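Below: one structure, written as structure tokens.
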Amino acid sequence: MKHSKYSAVIIGSGIAGLYAAIKLHKEVNLPNGILIITKTKLIESNSKYAQGGMVSVMPENKLDSCSLHIEDTIKAGAGLTDAKVAEFISKRSAEVVKELQSFGVDFDRDENNKLKFTKEAAHSVNRILHAGGDATGFCIENALVKYLMSKKDIKIYEQTLAVELLKNQNNICRGLITYNYDENEYEVIEAPAIIIATGGIGQLYKYTTNPDITTGDGIALAYRAGAIVKDMEFVQFHPTAFALGDNGTMFLISEAVRGEGAKLVDKNGNTFMEKYDKRLELAPRDVVTRAIFNEMQITNTKNVYLDATHIKERKFEKRFPTIYGTCREYKINPAENYIPVSPSAHYFMGGIKTKVNGTTSLNGLFAIGEAACTGLHGANRLASNSILECAVTAFELVEGLKDFDFSIDAPIDDKISKTISFYEHDILKTDNQNSEEIFTQLKQTMWNNVGIVRNEKKLLEAQEKINKLKEQFAYPYKCPNRSQYEIRNMLTIADLIIEFALNRKESRGAHYREDFPQKDLIAESQTLSKNTRMKG
Ligand code: FAD
Ligand code: SIN
């Protein structure tokens, strides 16, 4: 197997990974350089699809303040947001926006060249920056990719998976094994700093807004290596994915459309949010999702509708060009027709337990972005706080790494050699298990039993099903192809989500248990420190 050495390896090329790579390259002297590994193409990521925008408390936005933003974040987090983390991230927001602009990101401005701020659910003021109208993620990601490509000395591996972290006898993460599935080539990479920026887990669910790369790999790898994971029961379902087409990966209709006044209506055109929350369409995401889910059950329909007909066609097209284009492909004119929408798995509040600077419970291993759980989102993420968290965790990671000893050059010990040996033997390239079938069963089980409304019976059934799939799964280490690695990781994450969901016998934020519909207020004071798990 090929061997190489780098000072820092970044796994993932979404906004978190790219921001970290650029800043590391700029500000830290790395004797052995930086390697970025990414599953498909550099630009492909959840980040690329982000629509609504990025929260930032900017000094020129006189209506806003960090204390208001912190308050909104904590409210949405339903009692589990770490207030210190929320404060830290909010206070860093203007600085990361400035830095993103210096990397070439252009946020939308008005005719007077002033930054535009929009609103989404559960924000008390307009504070969300956007770019390209509703193409915020693409614009940021594209600018970062361009900037990065101009730095010729950053090494990039595309079409490559991180498949195993290498931890030595002293519990220090010293490197990883990669698999280029196009070339069918494995490589051992030694590095003193391994940074996971692999994003979330949306593809565990039958219906999701997340692209197919989003299989929870980094969280599963960190957990396999012994890192502590946190808040794994908290999966956010976005209320308004586009309910046309029969694909499980659903196009998003941004919350910013509701921010511009669109109403949710049933098949007869009647509004219904007034039955659920006085904040109506701009109630927190979990509230709106459950309201829609309930309406779909009452009316026995597969979706509800978004009525944005109060927005003139030219204005809609200008403000939401991506959404307008997709609607038109399906012969829907948002200025005249209702847009069919239904909930879809969207974001993972849980993940690898980290500090804001990405440090995990394992030395040498860092995690940033959606794969990390800093405590910012608690039980429910406030809209557009994710890109902000990606940027701030990347920023702080690099600040922290300025004091890191990159010269460490420990030899590969027996424990690492043993792990490597599992990847050295040949394995049949033919897939002797039907990966399509396992994918389908896993995603269906998670959607039906571990979704928007949960109960003990459904969770126990899901646990049994996932255990059966785990027993059938034949590859503890080396797998024959990319799909099997993804299945291995998805089974690990599914198991953890179910276990955490069973343990949380209350309803809180995105975790709703119909058998325990109330918040457990006694647990609230204890949970911040309790809801973590480590392998073994
Ligand atoms: P990602 O952007 O998901 O990047 C993960 C990277 O890791 C990818 O490059 C992937 O290929 C790579 N990877 C994964 N596994 C492996 C592996 N095993 N080996 C190598 N590479 C791997 N948030 C907001 O704040 N505002 C919004 O408006 C917004 N809109 C959204 C709209 C949509 C449709 C979606 C899906 C999400 C949205 N979000 C939004 C959430 C936000 O986009 C994500 O949380 C954020 O972009 C995650 O960034 P990241 O860098 O952590 O990970
Ligand atoms: C959206 O645009 O509705 C998504 C925003 C987010 O996920 O924060």
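Listed values, structure above:
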| read-out | value |
| --- | --- |
| Residues located in region 21-41, provided they are open to solvent by 10 Å² or more (accessible area, probe 1.4 Å) and either over 21 Å from the mean Cα position of the chain (by Cα) or within 17 Å of V105 (Cα to Cα) (or both) | H25, K26, E27, V28, N29, L30, P31, N32, G33 |
| Selected residue [touching a residue at least 40 places away in the same chain (Cβ under 8 Å) and more than 8 Å from ligand 1 (Cβ to nearest atom)] from E87, E27 | E27 |
| Conditions (1) at positive phi; (2) within 12 Å of ligand 1 (Cβ to nearest atom); number of the one not met by G378 | (2) |
| Helices (runs of 4 or more DSSP H) wholly inside region 252-326 that include at least 3 residues being open to solvent by 10 Å² or more (accessible area, probe 1.4 Å) | 285-298, 313-319 |
| Sole residue being within 16 Å of ligand 2 (Cβ to nearest atom), under 26 Å from D72 (Cα atoms) and either of a type outside the set (V, I, T) or surrounded by fewer than 17 Cβ atoms within 10 Å (Cβ to Cβ) (or both), chosen from L376, L397 | L376 |
| Test for T178: is it more than 28 Å from S344 (Cβ to Cβ) and near ligand 1 (Cβ under 10 Å from one of its atoms) | yes |
| G52, sole failed condition from (1) at pLDDT 95 or above; (2) within 16 Å of ligand 1 (Cβ to nearest atom) | (1) |
| Residues of region 363-419 classified as under 25 Å from E141 (Cα atoms) and not in a helix (DSSP H, G or I), total | 16 |
| Restricting region 227-236 to residues that are more than 16 Å from ligand 2 (Cβ to nearest atom) and open to solvent by less than 10 Å² (accessible area, probe 1.4 Å), the residue that is nearest to L365 (Cα to Cα) | A227 |
| The lone exception for S344 - which of (1) within 21 Å of K167 (Cα to Cα); (2) modelled with pLDDT of 95 or more; (3) among the polar types (S, T, N, Q) it fails | (1) |
| Leading residue by the ranking (nearest to ligand 2 (Cβ to nearest atom)) among those in region 237-251 that are over 18 Å from T136 (Cβ atoms) and assigned to a strand (DSSP E or B) | P239 |
| Which numbered condition L115 misses (of (1) more than 30 Å from V341 (Cβ to Cβ); (2) buried (at least 16 other Cβ atoms within 10 Å of the Cβ)) | (1) |
| Filter result for Y347 (among the aromatic types (F, W, Y) and outside any helix (DSSP H, G or I)) | yes |
| Subset of region 113-151 [within 25 Å of G325 (Cα to Cα), of a type in the set (K, R) and modelled with pLDDT under 95] | K119 |
| Tally of residues being within 19 Å of I498 (Cα to Cα) and open to solvent by 10 Å² or more (accessible area, probe 1.4 Å) across region 207-225 | 4 |
| Residue match in region 8-20 (condition: open to solvent by 60 Å² or more (accessible area, probe 1.4 Å) and either among the charged types (D, E, K, R) or away from ligand 1 (no atom under 14 Å from the Cβ) (or both)) | no |
| Selected residue [within 13 Å of ligand 1 (Cβ to nearest atom), touching a residue at least 12 places away in the same chain (Cβ under 8 Å) and open to solvent by 10 Å² or more (accessible area, probe 1.4 Å)] from I387, I412, I368 | I387 |
| Cβ pairs under 7 Å, 6+ apart, first in region 431-450 and more than 16 Å from T492 (Cα to Cα), second in a helix (DSSP H, G or I) and open to solvent by 30 Å² or more (accessible area, probe 1.4 Å) | Q433/Q472; N449/K458; N449/E461 |
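Each row is one residue, and each column tells you yes or no for (1) within 16 Å of ligand 2 (Cβ to nearest atom); (2) open to solvent by 10 Å² or more (accessible area, probe 1.4 Å); (3) free of Cβ contacts under 8 Å to residues at least 12 places away in the same chain.
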site: A131; (1), (2), (3): yes, no, no
site: V145; (1), (2), (3): no, yes, no
site: L148; (1), (2), (3): no, no, no
site: D153; (1), (2), (3): no, yes, no
site: I156; (1), (2), (3): no, yes, no
site: T160; (1), (2), (3): no, no, no
site: Q169; (1), (2), (3): no, yes, no
site: D182; (1), (2), (3): no, yes, no
site: I195; (1), (2), (3): no, no, no
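The values are calculated or read from the model by the stated rules, or taken from the named source; none is laboratory data. Nothing here was measured: the structure is a model prediction, and the numbers come from that model. Cβ: placed from backbone, ideal geometry, glycine included. Neighbour counts: every protein chain shown. These area figures cover heavy atoms from the full protein model, side chains too; ligands, DNA and RNA do not enter into them. Shrake-Rupley method; radii C 1.70, N 1.55, O 1.52, S 1.80 Å.
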